[in-house]
Amino acid sequence: MSTTLSAPPLGLLLEDLVRQHRPRKETGAVPGNIPFLASVPFDRFGIAVATTSGEVFCSGDADVPFSIQSISKVFTLALALQGSRSARLWSRVLREPSGTAFNSLVQLEAEHGIPRNPFINAGALVVTDHLMEETSDAAGQLLRFLTEQAGGQQSGPGKQGPFIDGAAATGELASSSRNLALAHFLKDFGNLAQPAESVVENYVRQCSIMMTCRELARAGLFLANDGQGAAGTVLSRSEAKRIGSIMLTCGMYDAAGEFAYRVGLPGKSGVGGGILVIVPGQCAICVWSPRLDAKGNSLAGTAALADLSDRTGWSVF
Ligand code: GLN
């Protein structure tokens, strides 16, 4: 991997990315099933880079909390792979790109209730069910993990640390017919131990966690750092590498190929407009801008990451 951190230095480069990529007009979409996300101003743009040497560089709205949505799926997978039961998880969910939308029902029925990967909704519901076999409050477990990895409550000036937005969760739950349908399919195929409703309720609370770019970059650092997190080992080096591989192939749903082409790095997006990206051995990057493309990925965020990767040479290729 090449690293050409030539001038300008990273801090200035991030400021320039904010200048270039902060949306000036209201383009793109907001998710229809999460009312709370429609009210976020379209011109928000933040970026943070947490390096394996312990520095954090931020620019724009990097200290404004946003809804992490599906970025949570990376961290629930990490938690699920920590336990001795991880082999059982891989008998319930595959590791193949889906090529379908993140909330598609079609493939799940055709493939007899085994989701293609843990980063589409069906797969994340299975991961949640797996976590709930050990604790009924998997969302609380995730929140504690993220708070610890993000550096507790000290992670930004005046910031309170990660928290669950209860109103956002309630709003999403009220329009979760599709996720409930996925959960009932899973249940019918014998791939869910808990009641479908409790798994979806728990999953929606995970998605409703609010974090800043600074906090998410720090929380994701263990994936760039051979599994070593803020408070010690999170995962083995091999498991951290594998999560990166699944991010590369499945992290952007049916835009995974296009994202790999444009950015060349493992990433995971959420419909809150955040994208977490890993540069193995070097840093974790979080970019946030709320307006989405047709596949549910941040428009300005993807463009900024493509620019950043071109200008730094950061890529796994
Ligand atoms: N909570 C959202 C959903 O389940 C998460 C989707 C996403 O971020 N891609 O629809």
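Points to keep in mind about this one:
- Residues Trp90, Trp288, sorted so that the one with the fewest Cβ neighbours within 10 Å comes first: Trp90, Trp288
- In region 209-271, Cα pairs under 8 Å separated by at least six residues give a relative contact order of 21 percent.
- Around Gly273: net Lys/Arg minus Asp/Glu count, Cβ-Cβ under 12 Å: -1
- The dipole here belongs to region 195-262: it is taken about the Cα centre, uses +1 on the Cβ of Lys and Arg and -1 on the Cβ of Asp and Glu, and is about 300 debye.
- Size of electric dipole in the chain: Cβ of Lys, Arg +1 and of Asp, Glu -1, about Cα centre, debye, nearest 20: 340
- Ranked by the mean number of other Cβ atoms within 10 Å per residue, highest first, peptides 92-99, 203-210 order as 203-210, 92-99.
- Per-peptide average of other Cβ atoms within 10 Å, ordering 180-187, 109-116 highest first: 180-187, 109-116
- Selection from Ile278, Tyr261, Ser289, by position along the positive dipole direction of region 235-296 (Cβ): Ile278
- P(r), alpha carbons of region 162-266 - 5 Å bins starting at zero, rounded %: 2, 11, 13, 13, 18, 21, 16, 5, 0
- Restricting attention to the chain, the count of lysine pairs at 8 or more positions apart or across chains with alpha carbons under 30 Å apart stands at 14.
- Calculated diffusion of region 1-135, Stokes-Einstein form, Kirkwood radius summed over Cα pairs, 4 °C and 1.567 mPa s, µm²/s: 71
- When the convex hull of its Cα atoms is projected in every direction, mean area for region 205-295 (nm²): 6.0
- Alpha-carbon Rg with Dmax, taken over the chain, Å: 17.9, 57
- With the highest mean first, a sort of the peptides 225-235, 258-268 on other beta-carbon atoms found within 10 angstrom per residue produces 258-268, 225-235.
Bear in mind these aren't lab numbers, they're just calculated from the coordinates by the rules spelled out. Just so it is clear, the structure is predicted and the values come from calculations on it, not from any experiment. Cβ sites come from the backbone with ideal geometry, for glycine too, and all protein chains shown count toward neighbours.
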